[in-house]
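Here the structure comes first, spelled out in structure tokens, and everything after it is commentary.
The values are calculated or read from the model by the stated rules, or taken from the named source; none is laboratory data. Nothing here was measured: the structure is a model prediction, and the numbers come from that model. Glycine gets a Cβ as well: all are built from the backbone with ideal geometry, and neighbour counts include every protein chain shown. These area figures cover heavy atoms from the full protein model, side chains too; ligands, DNA and RNA do not enter into them. Shrake-Rupley method; radii C 1.70, N 1.55, O 1.52, S 1.80 Å.
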Amino acid sequence: VWVYEPPGHKNQHRGQRRRVHLGPRSQAILLPRLRDAAPADRVFPISVSGYGTAIRQACRRAGVTPWTPHQLRHALATE
């Protein structure tokens, strides 16, 4: 299992560490992207705000009501 510790996260100011464990399935997805990447490169080059923008654009192109990642998160929490 690989362990990723992001340089910054929302509870950093409380002195807490964040560890993300990546098992074999995650590694299989990441390995092809990591082979040609420089150490400073982003593996998935989209920011949080860029993710929301991409969703809204895709909704517009598909002709469906736009939604946000925030709505998706809270819809799952409601369920």
Worksheet item: What is the residue count in segment 20-60 for residues that are within 26 Å of Lys10 (Cα to Cα) and charged (D, E, K, R)?
Response: 3
Fill in: Answer residue from segment 1-37, given it is touching a residue at least 12 places away in the same chain (Cβ under 8 Å) and among the aliphatic types (A, V, I, L, M) and is farthest from Val48 (Cα to Cα) among those
Val1
Practice prompt. Among the residues of segment 34-50, write down those that are under 27 Å from His70 (Cβ atoms) and of a type in the set (D, E, K, R).
Written response: Arg42
Fill in: Pair list, Cβ < 9 Å and 6+ apart or interchain, from segment 59-70 residues that are closer than 19 Å to Val48 by Cα and among the aromatic types (Phe, Trp, Tyr) to residues that are open to solvent by 70 Å² or more (accessible area, probe 1.4 Å) and part of a helix (DSSP H, G or I)
Trp67/Arg56
Practice prompt. Look at segment 35-63 and say how many of its residues are in contact with a helix residue (DSSP H, G or I) (Cβ under 9 Å, 6 or more places away or on another chain) and among the aliphatic types (A, V, I, L, M).
Written response: 4
Response to the item:
Within segment 5-31, residues under 16 Å from the mean Cα position of the chain (by Cα) and surrounded by 10 or more Cβ atoms within 10 Å (Cβ to Cβ) come out as Pro6, His9, Arg18, Val20, Leu22, Ser26, Gln27, Ile29, Leu30
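Take segment 34-62 and flag every residue that is outside any loop (DSSP other than H, G, I, E, B), surrounded by 10 or more Cβ atoms within 10 Å (Cβ to Cβ) and more than 15 Å from the chain's Cα centre (by Cα).
Within segment 34-62, Leu34, Arg56, Gln57, Ala58, Cys59, Arg60 qualify.
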